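The structure appears below as structure tokens.
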Amino acid sequence: MLNLKVVKGLLKLVENKVVVITGASSGIGQATATRLAQAGAKVVLSARRVERLKETVDQITAAGRTASYFSADVVSIEDVQALADFAVQTYGTIDVWVNNAGLMPLSFLNKRKVDEWDRMIDVNIKGVLYGIATVVPIMEQQKSGHIINVSSVAGHRVGMAGAVYSGTKFAVRAITEGLRMELSPTSNIRATIISPGLVETELLTTITDEDALSALKSRGARQALQSDDIANAILYAIDQPERVSVNEILIRPTTQPS
């Protein structure tokens, strides 16, 4: 059962905001949808696994909050555009877009897992760009908006077996900073990067290189972050006065050494 307890200490500026979240069928995306809905946002959950989305939306609406879902694959610009159209048709606008969908199939380069590299680049980089390309015209027209991109500590440093994954997350940081520079001063569009350390999610199950998985575990924290921890960071970034732009949050487990 998802946690729908009252979040205290909020400014409540998130209330009634329309928020689209990709990768919302599990992990950080699911937790973020639940936390924002509890705080009063109208959330649109998106991913490919429809049954997972429906289950979360049912739990949110049963608690008296507002949520909808729309199946989309972020590697398809047509799917992402259809997601944005659905959100606007359902709620009239989009105030916040959270590019959360991501993959982390770590591998050593000499394993030559080219198919995994291609998929990771498509989801982690193109998926973010497609979200930006789709929502920016809406936000420019209304002269406000907030785009949140989930990067990683791997976007700050390269870990063993993480060359390609880190490359995608460094790219997300660069794209987000460019977005801030280009659109915040003229269109009042805020840009935020969320960079988590090790989080207990399904991402670890996508690693097919056993040597890479061992390398990750050897440098990991004794206690990983939970998805709710990242959801709270996203909520904090959104729930700020319009004059405040939280550009980046770097969040590690207390016991994670690097």
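In the stretch 34-49, the count of residues that are touching a Ser or Thr at 6+ places or on another chain (Cβ under 7 Å) and modelled with pLDDT under 95 is one or more.
Name the single residue that is surrounded by the fewest Cβ atoms within 10 Å (Cβ to Cβ) among those in the stretch 19-39 being out of contact with any strand residue (DSSP E or B) (no Cβ under 7 Å at 6 or more places or on another chain) and polar (S, T, N, Q). Within the stretch 19-39, the match that is surrounded by the fewest Cβ atoms within 10 Å (Cβ to Cβ) is SER26. Within the stretch 56-71, if we keep just the residues that are without any contact (Cβ under 8 Å) to a residue 40 or more places away in the chain and not in a helix (DSSP H, G or I), the residue that is farthest from ARG35 (Cα to Cα) turns out to be SER71.
Listed conditions (1) surrounded by fewer than 16 Cβ atoms within 10 Å (Cβ to Cβ); (2) touching a Lys or Arg at 6+ places or on another chain (Cβ under 6 Å); (3) closer than 27 Å to ALA37 by Cβ are all met by THR255, apart from (3). Scoring ARG52 on the criteria (1) assigned to a helix (DSSP H, G or I); (2) within 20 Å of ALA133 (Cα to Cα) leaves a single failure, condition (2). Return a yes/no flag: does the stretch 74-87 have any residue that is within 18 Å of SER151 (Cα to Cα), modelled with pLDDT of 95 or more and either touching a helix residue (DSSP H, G or I) at 6+ places or on another chain (Cβ under 8 Å) or not aromatic (Phe, Trp, Tyr) (or both). Yes, there is a match, as at least one residue in the stretch 74-87 is within 18 Å of SER151 (Cα to Cα), modelled with pLDDT of 95 or more and either touching a helix residue (DSSP H, G or I) at 6+ places or on another chain (Cβ under 8 Å) or not aromatic (Phe, Trp, Tyr) (or both).
The residues of the stretch 141-198 include none that are touching a residue at least 60 places away in the same chain (Cβ under 8 Å), buried (at least 21 other Cβ atoms within 10 Å of the Cβ) and of a type in the set (Lys, Arg).
For the stretch 113-124, state whether one or more residues are crowded, with 16+ Cβ neighbours inside 10 Å, in contact with a Pro (Cβ under 7 Å, 6 or more places away or on another chain), in a helix (DSSP H, G or I) and of a type in the set (Asp, Glu). Yes, the stretch 113-124 contains a residue that is crowded, with 16+ Cβ neighbours inside 10 Å, in contact with a Pro (Cβ under 7 Å, 6 or more places away or on another chain), in a helix (DSSP H, G or I) and of a type in the set (Asp, Glu).
The values are calculated or read from the model by the stated rules, or taken from the named source; none is laboratory data. Note that this is a predicted model, so its numbers are computed, not measured. Cβ coordinates were reconstructed from backbone atoms using ideal geometry, including for glycine residues, and neighbour counts include every protein chain displayed.
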